[in-house]
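I have placed the structure first, in the form of structure tokens, so that the comments after it can refer back to it.
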Amino acid sequence: MSSSKSFNEINEKIAKGEAVVLTAEEFKQMAKNSSPKEMAKKVDVVTTGTFGPMCSSGAFINLGHPQPPIRMEKVSLNDVPVCSGVAAVDAYIGATEVCPTNEKYGGAHIIEELIAGKDVILKATGKGTDCYPRKEIETRINKDTVNEFFMFNPRNAYQNYAAAVNTTHKIKYTYMGSLLPNLGNMTYSTSGELSPLLNDPEFRTIGIGTRIFLGGTEGFVSWNGTQFNTSKPKNEYGIPTSNAATLAVIGNAKNMSTQFVRAAYFEKYGVSIFIGIGIPIPVLDEDIAHRLCILNKNIETNIVDYGNPEHPALGKVNYEQLQSGLVTFNGKEIRTAPLSSIFKAREIATILKDWILRKEFMLNQPVQPFPVNSSVKPLIIR
Amino acid sequence: MKKRYFLSFPANTVTEPIIYNLVKKFDIPVSILKADINPGNEGNLLVEMTGENQALEPAISYLESQHIKCVSVLKRVHLKKDSCVHCGACTAVCFSEALTMDKKSWKLKFFAENCVACGLCIKACPLGLFEMDFLE
């Protein structure tokens, strides 16, 4: 008798209120006393979560046509330029776009303020055409006055990421936070054993079309993320030991919450955005249960020197060591600090579990798997 | 007990051996946490003094007699806790361990009494939730 389950069978159990749903941490706790085979029988869905700075994010917005209409060719929201090279009144708010008069304010703040229901000032100009005669407009908009406002993030939820240090004699301000000189600290930005793509490292259940938690509402995996990389070295547990796979995700920003989408500014780096993502993993069979048993001590990552422009890898560390707060490296004890909120990641995994238990969230079988052989090209200057 | 003070020096006091006098005349251990002293200009010093109130009071009186403004800075760094997402970025730079992560809840803990007001957390917080309060 086959011990595997299908997406449909699990969805039927969810609909009947019979599904056993655990967060990734609860699953790992329970798995201490049960084999993967037993776990596959006992548990139907495991929820994962992550909440960290994800620069490659943004939102499409359709501003609506005024009368007389305008072909918006240059657009700003609260003086932050947005990409308007998409038809007359569509625009893309890039999260890392910066206000020319305030380097600490940018696209991420616009997205957060719109999600919060606040008004922002729209300024747009166009050359004026026969069909779009208006040449300029200035008005206020909010998420209720516009047509569509949906988040579309090209690269989120990195499957692992480097731990950052600084070997120079000067403090370095980076997207990995403030790195103190002479290996004064080490930062990391993955929720470890709670992280979605570390619990399904070969994407057996996550693919294009997967329904997910995105920013406080439901969203979808829309594509493999940019810089999707399956060719990174893996450790004995099948986990890539540096930044590897990524997700492109989409969801209705009008329904999102600022609890799970927060604008950020990293000193001397720039604007970024914290995004909350949760992914349910159906426990289809013993192999998936085995993958879900992965623990922080088995997830390794490279220690990378952000003081050196070439970012060389200096060694390896695992997430049990990173989360302990102190790592011994080259004979020196280095304090560690996360940049990705484990508190929020847990909250997301728990909310997603509750949605499924309340029958409000069904699982989607991917309509297409991710690429199996993918690497990242550098930009060659020629 | 340890107390922190923000000392503001008028331009004509900067050359006085203030710290020497605190140690020699008042027998007070002094740690300098931050200094911005430029002879001929106004200066600022952030110090931590160890001693009971009755020992510290004459020292403070001495400083004030030298026209040095002394402001207690016990709670100088203010965190807008309600907006915190508990990412932990601030803990990366907090040497005095005023900011630490609770390893069970993974929430940020702020022990104001450990704060040496170095100010590194202000730049480290990606949400800009720390502020310096000089008026305490």
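The values are calculated or read from the model by the stated rules, or taken from the named source; none is laboratory data. The structure presented is a predicted model; accordingly, all values stated were derived computationally and were not measured. Backbone-built Cβ (ideal geometry, glycine too); neighbour counts: all protein chains shown. Keep in mind that these areas ignore ligands, DNA and RNA; they rest on the heavy atoms of the full protein, side chains included. Shrake-Rupley method; radii C 1.70, N 1.55, O 1.52, S 1.80 Å.
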Label-point separation in nm, residue B:78 to residue A:121, each point 7 Å along Cα→Cβ
2.7
Per the rule of 0.36 nm per residue minus the C-alpha distance, extending residue A:362 to residue A:170 adds in nm 64.1 nm
Once A:355, A:223 are ranked on solvent-accessible area with the largest value leading and a 1.4 Å probe, the list reads A:223, A:355
Using a 1.4 angstrom probe on the protein heavy atoms only, line up B:81, B:104, A:332 by accessible area, largest first.
B:104, B:81, A:332
Ordering A:139, A:129, A:101, A:241 by accessible area with a probe of 1.4 Å, largest first, what comes out?
A:101, A:139, A:129, A:241
Size of the protein assembly as shown along its principal axes in angstrom, Cα-based, largest extent first?
87, 71, 53
Given 10 Å bins starting at zero, what is the percent of C-alpha pairs of segment A:18-95 in each, up to the one with the largest pair distance?
15, 27, 12, 14, 17, 13, 2
May I ask you to derive the FRET efficiency for residue A:295 and residue B:23 from their Cβ-Cβ distance with R0 = 60 Å, giving the value to the nearest 0.05?
0.70
Unpartnered cysteines - no second Cys beta carbon under 4.7 Å - across the protein assembly as shown:
A:55, A:83, A:99, A:131, A:293, B:70, B:84, B:87, B:94, B:115, B:118, B:125
Give, as a single signed number, the net charge of other residues whose beta carbon lies under 12 Å from the beta carbon of residue A:218, with Lys and Arg counted +1 and Asp and Glu -1.
0
Simple spin-label model, 7 Å along Cα-to-Cβ: residue A:376 to residue B:104 in nm?
3.8
When every alpha-carbon pair in segment A:277-382 is counted, what percent end up more than 22 Å apart?
57
In the full protein assembly as shown, how much of residue A:358 is accessible to a 1.4 Å probe, in Å² to the nearest 10?
130
So what are the three principal axis dimensions of chain B from its Cα atoms, in whole Å, longest to shortest?
48, 32, 21
Distance in nm between label sites at residue B:118 and residue A:32, each 7 Å beyond Cα in the beta-carbon direction?
3.5
With respect to the cross-link table entries A:234/A:268; A:104/A:297; A:41/A:297, which display a Cα-Cα separation exceeding 27 Å?
A:234/A:268; A:104/A:297
Cleavage-rule hits (GluC sites (Glu not before Pro)) in segment A:146-216: DSSP loop, at most 16 neighbouring Cβ within 10 angstrom:
A:148
Would you mind telling me which residue in B:58, B:29, B:17 has the biggest mean-square fluctuation in a Gaussian network model of chain B, where springs connect alpha carbons within a distance under 10 angstrom?
B:17
Length released on extending from residue A:236 to residue A:204, taking residue separation times 0.36 nm less the Cα-Cα span
9.7 nm
Residue mean of other protein chain beta carbons inside 10 Å, B:80-87:
5
